[in-house]
Amino acid sequence: MVRMAALEMVHRSRLGHPGGDLSAADILAALYFGVLRVNPTDPLAPDRDRFIMSKGHCSGALYATLATAGFFPVERLQEYMKPLSFLNGHPDRNKVPGVEANTGPLGHGLPIALGAAKAAKIMGSAWRTFVLTGDGELQEGSNWEAGMAAAQFGLDNLTVIVDRNGLQQGDRTETTVGLEPLADRWRVFGWSVREVDGHDIAALQETFRSIPFDPGKPNCVIARTRKGRGVSFMEDRVEWHHRVPSDEELATALRELGGGLQ
């Protein structure tokens, strides 16, 4: 449902980032339907887990997930990117229930999550902080500054999830600024790392439920994904980072997704 809704939203508004929406959909589903301690009827409960969508340009998948989870009516997804809509192209915590931080400029989500996790430690609170980043986003130095600080503070209540689809706007990540060996880089920065199939919801949930991986260390989950997952002509295609499907392309995509091609 999340993938189909996100594509319909992008098609209707003629704006959006469908490739990344589809690569992140299973990660979001795993979190919101089995891991995060959140309450849609009380989205600001003090003891809630915090989730921050650092790759805020993939707002379609986030909004579809929040609506499906009950944070606001599914029917309101039709307002996506309309003038004065609360469903902006990038999530706004002042407008959308369940959104913890305004994101969009890449490299900001992890530093914000660092502050949230540190606050929980200071307050002696049990809530956890999760942040989803794009892999191309890791070329922003602010992530690594936050990574060093998280290890220094021993924030084992903080988890970064990397949507590792290997593509960013315009090209492959390894052609732009190479990230591999990505797991080793996080380990050198003092994080405990797990790698997982980012489209296997059961494996994702099992991984998330085993957090903290090592007491005293922040957690990194590298989720191996495919951009445009579930749609044959979109998968692993860089042009679908920021492209709107035609009427015919949307119909084909919805048939594939509805037919069980995941």
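Report the far tail of the P(r) of region 80-207, meaning the percent of Cα-Cα pairs longer than 22 Å. The partial results should precede the final answer.
Numbers: 3577 of 8128 pairs.
Everything past 22 Å amounts to 44 percent.
First compute the accessible area of the chain with a 1.4 Å probe, then give the percent of it belonging to carbon and sulfur atoms.
Details: 5640 of 10790 Å².
Within the chain, the accessible surface is 52 percent carbon and sulfur.
With angles folded into 0 to 90 degrees, how steeply does helix 247-258 sit against the dominant principal axis of the chain? Use alpha carbons for both and round to 10.
Once rounded, one gets 60 degrees.
Which percent, nearest 5, of DSSP beta bridges in the chain are antiparallel? Let's see the in-between values first.
Numbers: 2 of 24 bridges.
That works out to approximately 10 percent antiparallel.
With charges only on Cβ, +1 for K and R and -1 for D and E, what is the dipole size of region 119-262 about its Cα centre, in debye, rounded to 20?
Numbers: 16 positive and 22 negative charges, 105 e Å.
The dipole of region 119-262 has a size of about 500 debye.
Could you provide, to the nearest whole Å², the per residue accessible area of region 134-197 with probe 1.4 Å? Don't jump to the answer; show the numbers that get you there.
On the way: 2700 Å² over 64 residues.
So region 134-197 comes to 42 Å² accessible per residue, rounded to a whole number.
All other residues with a Cβ under 10 Å from the Cβ of V244 taken together, and with Lys, Arg as +1 and Asp, Glu as -1, what is their net charge? Please report the intermediate quantities before stating the final value.
On the way: positive: R12, R14, R243; negative: E249.
Charge balance near V244 sits at +2.
Hey, which of these cross-link pairs are over 29 Å Cα-Cα: K55/K217; K82/K121; K118/K227; K121/K227; K55/K82?
K82/K121; K118/K227; K121/K227
Taking only the alpha-carbon positions of region 129-262 and ignoring solvent, what does the Debye formula give for the base-10 log of I(q)/I(0) at q = 0.12 Å⁻¹?
After summing over all Cα pairs, the log10 values are -0.54.
Rounded to the nearest 0.05, what FRET efficiency do E75 and T175 give with R0 = 41 Å and r taken as the Cβ-Cβ distance? Could you check? Don't skip to the end; give the middle numbers.
Values: r = 42 Å, r/R0 = 1.02.
In this case the efficiency is close to 0.45.
Taking a probe of 1.4 Å, how large is the accessible area per residue of region 13-126, in Å²? Don't skip to the end; give the middle numbers.
On the way: 4520 Å² over 114 residues.
Per residue, region 13-126 has an accessible area of 40 Å².
For the peptides 107-117, 17-27, 145-155, what is the packing order when you average, over each peptide's residues, the other Cβ atoms within 10 Å and list the highest mean first? Walk me through the numbers on the way to the answer.
Values: 107-117: 22.5, 17-27: 28.6, 145-155: 19.2.
So the peptides 107-117, 17-27, 145-155, ranked by packing, come out 17-27, 107-117, 145-155.
For region 186-262, take the alpha-carbon Rg, divide it by the Kirkwood Rh, and send me Rg/Rh. Each step should come with its number before you reach the end.
Details: Rg = 16.9 Å, Rh = 14.8 Å.
Here Rg/Rh amounts to 1.14.
Can you give me the angle between helix 2-13 and the longest principal axis of the chain, using Cα atoms only, in degrees from 0 to 90, rounded to the nearest 10?
60 degrees
Show that you can apply the helix-only estimate: for the chain, add -39,500 (n - 2.57) for every DSSP H stretch of four or more residues, divide by all residues, and state [θ] at 222 nm to the nearest 500.
Working: 9 runs with 97 residues, N = 262.
It comes out at -11000 deg cm²/dmol, rounded to the nearest 500.
The values are calculated or read from the model by the stated rules, or taken from the named source; none is laboratory data. Here the structure is a predicted model, which means the values were calculated and not measured. So basically every Cβ, Gly included, is an ideal-geometry build from the backbone, and we count neighbours across all protein chains shown. SASA here: full protein model, heavy atoms, side chains in, ligands and nucleic acids out. Shrake-Rupley method; radii C 1.70, N 1.55, O 1.52, S 1.80 Å.
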